[in-house]
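Here is the structure we will look at, set down as structure tokens.
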Amino acid sequence: MCQPIIVSGIEVSDKIKQDIAQEVEAIKLRGGKIPHLAAVLVGNDGASQTYVNAKVKACELVGFGSSLVRLPETISETELLKEIERLNNNDNIDGFIVQLPLPKHIDEQKVTQAISPLKDVDGFHPVSLGKMVLDLPSFLPATPYGIVEMLRHYNIPTEGKHCVVIGRSHIVGSPMSILMARNSYPGNCTVTLTHSRTKNLKEITLQADILIVAIGKPEFLTADMVKDGATVIDVGIHRIEDATKKSGYRLIGDVKFDEVAPKCAFISPVPGGVGPMTIASLLKNTLLAVETHDYASQK
Ligand code: NAP
């Protein structure tokens, strides 16, 4: 039993947003281009609307310009691709995201690959992911980038540690495993990437110094799967009904927080952990997009 240090995404993301807001002020003073992030939202999914609204609000907070492009659930793939082309060619927009998931009749891979790599602030384009693997400067996928920044902020030791990632999605688990294995800080871990075909998962998680849980199953990680003194980062977000809340629901993660926390040296909560960091990373990537465009135009 120990008193864990709570890895607060709210604290870290507030600091990042303050730094970005200062940078925007400096850009204004030198008469530069104010960063502008656009978000494309297809359909009326409640969770997606909440995420997109939070992203737009964060832009306003730091002084970025923002646009929300709302499109109907029934939009064809061709029409959506045309909209993406318009955003690619719009000089006022430095970066944009297409909120996932998309309706079933639209191929997400096609959409992701249609976004200009220069405006790919979600970091999902193959060019961004390829650069990440090669350790070249690039837009890092927003959620793994946020986790790296949390580990850095709390000075969590990573070198030589065994990091176990649960989940191998293209947007979280896989890029996370690559970042944790990089020859830098945070990184230099020995990484095990686990998924639904992994045998004896508990034997593996019990060896983890750092556990990054992105499985998408509410409270999946229980205390008996965690070694004493581990660092646990919970990526999951689930809405569960709760009549005591005004909204009618509350958020929980992929980790059974109350029983896992006493075993940990560091643990991130849900809400208030990885979620706010994902948004902060998106803002960081948008700032990087402006700098990259400036550099490209000066060449
Ligand atoms: P996903 O695409 O559904 O991937 C889930 C992964 O978990 C898959 O790789 C799957 O393996 C693996 N898995 C399923 N059952 C397993 C088992 N029994 N043992 C080991 N691995 C298993 O999920 P995602 O998009 O990465 O998201 C994960 C969670 O994070 C969700 O709750 C999501 O809402 C949340 N999320 C949060 C943020 C944020 O900003 N906080 C951002 C993104 C996602 P297979 O590949 O074999 O199917």
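Of note:
- A single entry from 78, 50 fulfils the requirement of being away from the ligand (no atom under 16 Å from the Cβ) and hydroxyl-bearing (Ser, Thr, Tyr): 78.
- When residues of the stretch 135-176 are limited to those that are small (Gly, Ala, Ser) and surrounded by 21 or more Cβ atoms within 10 Å (Cβ to Cβ), the one farthest from residue 117 (Cα to Cα): 167
- Matching residues in the stretch 34-53 - criterion: being in contact (Cβ under 8 Å) with a residue 60 or more places away in the chain and either of a type in the set (Ser, Thr, Tyr) or exposed (fewer than 15 other Cβ atoms within 10 Å of the Cβ) (or both): 47
- In the set 223, 261, only one residue is surrounded by fewer than 23 Cβ atoms within 10 Å (Cβ to Cβ), touching a residue at least 60 places away in the same chain (Cβ under 8 Å) and more than 15 Å from the ligand (Cβ to nearest atom); that residue is 261.
- Verdict on residue 273 being under 25 Å from residue 10 (Cα atoms), in contact with a helix residue (DSSP H, G or I) (Cβ under 8 Å, 6 or more places away or on another chain) and more than 14 Å from the ligand (Cβ to nearest atom): no
- Test: residue in the stretch 19-27 that is within 22 Å of residue 88 (Cα to Cα) and surrounded by fewer than 18 Cβ atoms within 10 Å (Cβ to Cβ): no
- Scope the stretch 81-91; condition surrounded by 12 or more Cβ atoms within 10 Å (Cβ to Cβ), of a type outside the set (Lys, Arg) and assigned to a helix (DSSP H, G or I); matching residues: 81, 83, 84, 85, 87, 88
- Exclusive hit being touching a residue at least 12 places away in the same chain (Cβ under 8 Å), farther than 30 Å from residue 84 by Cα and within 11 Å of the ligand (Cβ to nearest atom), set 190, 205, 198, 143: 205
- Residue count, the stretch 240-253 (criterion: surrounded by fewer than 23 Cβ atoms within 10 Å (Cβ to Cβ) and part of a loop (DSSP other than H, G, I, E, B)): 7
- Restricting attention to the stretch 54-73, the residues that are free of Cβ contacts under 8 Å to residues at least 60 places away in the same chain and away from the ligand (no atom under 16 Å from the Cβ) total 12.
- In the stretch 114-129, residue surrounded by the most Cβ atoms within 10 Å (Cβ to Cβ) [restricted to those that are more than 14 Å from residue 87 (Cβ to Cβ) and of a type outside the set (A, V, I, L, M)]: 123
- One residue stands out in the stretch 54-80 among those that are of a type in the set (Ser, Thr, Tyr) and out of contact with any helix residue (DSSP H, G or I) (no Cβ under 6 Å at 6 or more places or on another chain): the one that is surrounded by the most Cβ atoms within 10 Å (Cβ to Cβ), namely 67.
- Residues of the stretch 147-173 that are among the charged types (D, E, K, R) and near the ligand (Cβ under 8 Å from one of its atoms): 168 alone.
- Verdict on residue 132 being crowded, with 22+ Cβ neighbours inside 10 Å, in contact with a helix residue (DSSP H, G or I) (Cβ under 8 Å, 6 or more places away or on another chain), more than 24 Å from residue 73 (Cβ to Cβ) and among the aliphatic types (A, V, I, L, M): no
Only the coordinates and a few stated rules stand behind these numbers; no lab work does. Only a predicted model underlies this, so the values are computations on that prediction, with no experimental measurement involved. No Cβ is skipped: glycine too gets one built from the backbone with ideal geometry, and neighbour counts run over all protein chains shown.
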